[in-house]
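Read the figures in this text as sums done on the coordinates, not as results from a lab. Predicted model only: the values in this text are computed from it and were never measured. Please note: Cβ atoms are built from the backbone with ideal geometry, for glycine as well, and neighbour counts cover all protein chains shown.
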Amino acid sequence: MSEAIQGSSLSEPIGFVGIGNMGAPMAGRLLDAGYALVVFDVSSKAAAPLIARGARQAGSAAEVASLAETVLTSLPTPDIVETVALGEQGVGSGSRIRRLIELSTSGPRVAARVAQGLAAKGITYVDSPVSGGVAGARAGTLAVMVACERTEFDRLQPLLNVIGKPFHVGERPGLGQMMKLVNNLLSGAALAITSEAMLLGAKAGLEPDTMIDVINAGSGRNSASQDKFPKSILPRRFDAGFATRLMFKDLKLCLEEAESLGLTLWVASAVRQLWLKTFNEIGPNEDFTTIMRCVEGSTGIEVRGRAAGSAPTQGRARG
Ligand code: NAD
């Protein structure tokens with residue numbers, strides 16, 4: 001088995017469950033690298049492009065786990081993660097599976113419960129959430145935050161190298177999840193505060209493209225100013241590939257962990273409120289870059305870049 005994972009044999013099928021915004025490009029990279037894939041998603045449409053490229057379609061997560069020793073999952077919510085791991089038709093009831101590599105963000109508690117449930121069946125749980133967005137998933141440049149035994153990490157490195165850069169953050173299941181929540185607190189806060197800063201500058205008469213150029217040459221630069229604003233927000237495309245419901249889920253998990261550790265995170269609490277407002281007012285399934293539209297609200301200002309052309313109903317955000 002370990003030989004197959006180390007890449008000396010690519011004929012051993014790898015399982016993949018959850019072919020969404022992140023799962024599709026990650027699974028696509030495994031196919032590109034020559035791995036045989038068996039896939040499942042509740043939406044049959046989701047897997048179609050992979051099937052057309054030679055992946056085998058399974059009828060359930062359990063079937064995936066009866067065909068592959070190593071199964072990766074990329075699923076939206078903690079509840080779904082737990083059900084897909086431990087439920088009746090879950091990977092835990094597969095006959096062949098030896099390890100589950102969990103790429104989803106589900107929080108440390110679900111990770112601990114799933115690890116325990118799978119261990120009872122002799123299956124190793126590899127806590128392995130990722131960061132870097134859809135673009136990073138396509139390019140194979142994700143940060144992969146792995147918590148499992150060191151020997152298991154070493155064995156899995158060649159496989160994980162296909163999707164990004166693996167970091168061993170500890171042995172205890174849940175530490176990978178905690179690392180991811182810390183990262184996404186920063187990512188969510190950066191997008192929230194950059195949206196407010198851009199609104200302020202635009203209202204005062206600064207030109208949005210100029211502001212982003214200056215911020216990115218100065219000390220205010222961050223992942224939102226360098227990536228989301230130029231690519232998705234200034235062109236008003238709102239297409240980064242991460243839903244607001246998922247960003248809100250991550251902040252909620254993060255604050256729950258802080259509370260259970262007896263910590264008060266003042267800024268994080270305010271950031272979560274703004275994401276909740278975006279969730280309620282703009283919509284949970286909208287792309288998370290629409291937080292800019294939430295911040296603009298009824299101000300009459302649109303933070304619109306040159307690439308977006310002129311606004312159909314409102315004036316450009318300039319004096
Ligand atoms: P998504 O909603 O686009 O994809 C999730 C996929 O899981 C969908 O195709 C859905 O049909 C499928 N699914 C749902 N329930 C299922 C079930 N019971 N069995 C099988 N498949 C099922 O979400 P995403 O954006 O791809 O995110 C996946 C995970 O990765 C989340 O935990 C998210 O927080 C995390 N993440 C996302 C990004 C991003 O930029 N999108 C970045 C890093 C981490």
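Observations on the model:
- For the chain, the longest principal axis of the Cα atoms and the long axis of helix 108-119 meet at an angle of about 10 degrees.
- DSSP beta bridges confined to the chain are antiparallel in about 15 percent of cases.
- Each Cα pair of the range 178-308 feeds into the Kirkwood radius, which the Stokes-Einstein equation turns, at 10 °C and 1.306 mPa s, into a diffusion coefficient of 107 µm²/s.
- Nearby lysines by direct alpha-carbon distance to Lys252 (threshold 28 angstrom, same-chain neighbours under 8 apart not counted): Lys165, Lys180, Lys228, Lys231, Lys277
- About its Cα centre, the dipole of the chain is roughly 560 debye, where the only charges are +1 on Lys and Arg Cβ and -1 on Asp and Glu Cβ.
- Using the Cβ of Ala115 as centre and a radius below 15 Å, the other residues enclosed give a net charge of 0, where K and R count +1 and D and E count -1.
- With q set to 0.08, 0.13 Å⁻¹, the log10 of I(q)/I(0) for the chain, from the Debye formula over equal scatterers at the Cα positions, is -0.39, -0.93.
- Helix 208-217 and the longest principal axis of the Cα set of the chain meet at an angle near 60°.
- Looking at the range 14-173 alone, DSSP beta bridges between its own residues are antiparallel in about 10 percent of cases.
- The calculated FRET efficiency for Thr299 paired with Ser43, based on their beta-carbon distance and R0 = 41 Å, is about 0.60.
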